[in-house]
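> Dropping a structure here in structure tokens format, bear with me for questions.
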Amino acid sequence: MSQIRDTYEDYLKAIYIVSRKNRGGWVSNSEISNFLKVKPASVSSMLYKLKKNNYIHWYPRKSVRLTAKGKEVALITINKYNQLKHFFGDILGVDNASELDELCCKIEHKISPEISDALENLSLREIQENI
């Protein structure tokens, strides 16, 4: 995956998470706004950028759905978040949920594929050792 803006990843991740509970995977501007705690105008502005880069299917004043490219970015971002949450929470023992969430959300955008693979391998080794 090429380097994309952190905010793009945040929006794609939000769209993916919200879409999981919606029929057909379509998400409204207000659902994104509520999830990310941003103004609807900010959402509309970002949706234009995401559409231009082929991350979403969207027409103004209509619902949004991820393209395959957008879904791939969202899933990679979510996977990095989960790896970090496991590392900081389960391995290092950070137990403050809001602090852990904030930390993982900030770092998920900075992790290279090599670091992500190392975290994945660490998790696999830990599972194998506990079997």
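> For region 71-131, rounded, prolate or oblate, judged on the Cα gyration tensor with a ≥ b ≥ c (square roots of eigenvalues), a/c < 1.5 rounded, else prolate if a/b > b/c?
oblate
> What are the ³J(HN,Hα) couplings of region 30-36, residue after residue, when phi is run through the Karplus curve with 6.51, -1.76, 1.60 and θ = phi - 60°? Round to Hz, x for glycine and proline.
5, 5, 5, 4, 5, 5, 8
> Would you kindly give the portion of the calculated P(r) for the chain that falls above 21 Å, as a percent of all Cα pairs?
Percentage above 21 Å: 45.
> If amide hydrogens are placed 1.01 Å from N in the peptide plane, which non-local residues have theirs closer than 5 Å to the one on LEU66?
HIS57
> So which chymotrypsin sites (Phe, Trp or Tyr not before Pro) in region 62-108 pass both tests, a DSSP loop state and at most 13 other Cβ atoms within 10 Å of the Cβ? Walk me through the intermediate numbers first.
Details: sites: TYR81, PHE87, PHE88; in loops: none.
Qualifying residues, ordered by number: none.
> Rounding to the nearest 20 debye, state how big the charge dipole of region 1-119 is about its Cα centre with +1 on each Lys and Arg Cβ and -1 on each Asp and Glu Cβ.
Working: 19 positive and 13 negative charges, 203 e Å.
Using only the charged Cβ atoms, the result is roughly 980 debye.
> For the residue pair LYS49 and ASP6, what label-to-label distance in nm results when each label sits 7 Å from Cα along the Cα-to-beta-carbon direction?
Going by the 7 Å Cα→Cβ label model, 1.3 nm.
> Could you pull out the trypsin sites (Lys or Arg not before Pro) across region 1-97 that fall in loop regions by DSSP (anything but H, G, I, E, B) with no more than 16 other Cβ atoms inside 10 Å?
ARG5, ARG20, LYS21, LYS37, ARG61, LYS62
> If you project the alpha carbons of region 6-71 onto the principal axes, what extent comes out on each, in Å, largest first?
25, 24, 23
> Let me spell out the model: positive unit charges on the Cβ of Lys and Arg, negative unit charges on the Cβ of Asp and Glu, origin at the Cα centre of region 72-129. What dipole size does that give, in debye rounded to 20? Show your work: numbers first, answer last.
Details: 5 positive and 12 negative charges, 27 e Å.
Once rounded to the nearest 20, the dipole reads 120 debye.
Bear in mind these aren't lab numbers, they're just calculated from the coordinates by the rules spelled out. Keep in mind the model is a prediction, meaning the values are calculated, not measured. Cβ: placed from backbone, ideal geometry, glycine included. Neighbour counts: every protein chain shown.
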